[in-house]
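Working notes, structure below.
Any read-out appearing in this document is the output of simple, stated calculations on the displayed coordinates, not a laboratory observation. Being a predicted model, the structure only gives us computed values, none of them experimental. All Cβ positions, even for glycine, are placed from backbone atoms using ideal geometry, and neighbour counts span all protein chains on display.
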Amino acid sequence: MNYYGPREMADSFRTVRRNTIQIAQEIPEEKYGFRPADDVRTVEKLLTHIALLHTFNKQVHLVERRSAVGGFNFPELMKQMREDEAKPRTKAGVLELLAANGEEWAARLEGLSDEFLAERVQMMPGTEPESKSRFEMLISVKEHEMHHRGQLMLVERMLGIVPHLSRQAQERMAAMEASRKG
């Protein structure tokens, strides 16, 4: 019995994207050029990167429906993604890209079948494991976004902003403490 299927993938992705968008909203536009260290993306470029994360998986699984990643034109895809990421965007443009691409991806996930998610895809020769399920590969988009969202939460701290998830946890703890004392 499978408890985590296409609907759950879409719902969990929407939750992650909603939290990413909240962070993007809370960082002032004048800080979108902030770069926490040399050779690290600015806030704007990191958020744009997040908005484009699904590109590889969309192409491999939903457009081409490949059964193996060998032979896929990675250099061309990476070139296209770098060009898309390099385009200057306002805060409003970044927020729009995050929302539109996020919902498009979630809707695509929602429409998949359990059988499709169970299909195995051969990895590049010589890599471990030799194959992965489409489910594992598609869920990696959310995992990758969560990785970068952690970076953004640290950037918020560097900018003097308490991340909304931290504020919410603090509020829950204060409420529990107050009810315990009351």
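What is the sum of charges, Lys and Arg at +1 and Asp and Glu at -1, for the other residues whose Cβ falls under 14 Å from the Cβ of Pro75? Net local charge, Pro75 excluded: 0.
With the biggest extent put first, the Cα atoms of the range 1-126 measure 47, 33, 22 Å across the principal axes.
Could you work out the Kirkwood radius for the range 76-181, taking every pair of different alpha carbons, averaging 1/r and inverting it, reported in Å? Evaluated on the range 76-181, it is 17.9 Å.
Projecting the Cα positions of Gly160, Tyr4, Leu98 onto the charge dipole of the chain (unit charges on Cβ atoms of Lys, Arg, Asp and Glu, taken about the Cα centre) puts Gly160 furthest along the positive direction. For the range 86-98, backbone phi angles converted through the Karplus equation (6.51, -1.76, 1.60; θ = phi - 60°) give residue-by-residue couplings of 6, 4, x, 9, 7, 4, 4, x, 5, 4, 5, 5, 4 Hz, Gly and Pro being listed as x. A cut-off under 15 angstrom between Cβ atoms defines the neighbours of Pro129, and their net charge, with Lys, Arg +1 and Asp, Glu -1, is -1. With helices as the sole contributors, the chain gives -20500 deg cm²/dmol at 222 nm; each DSSP H run of n ≥ 4 counts as -39500 (n - 2.57), and the sum is divided by every residue.
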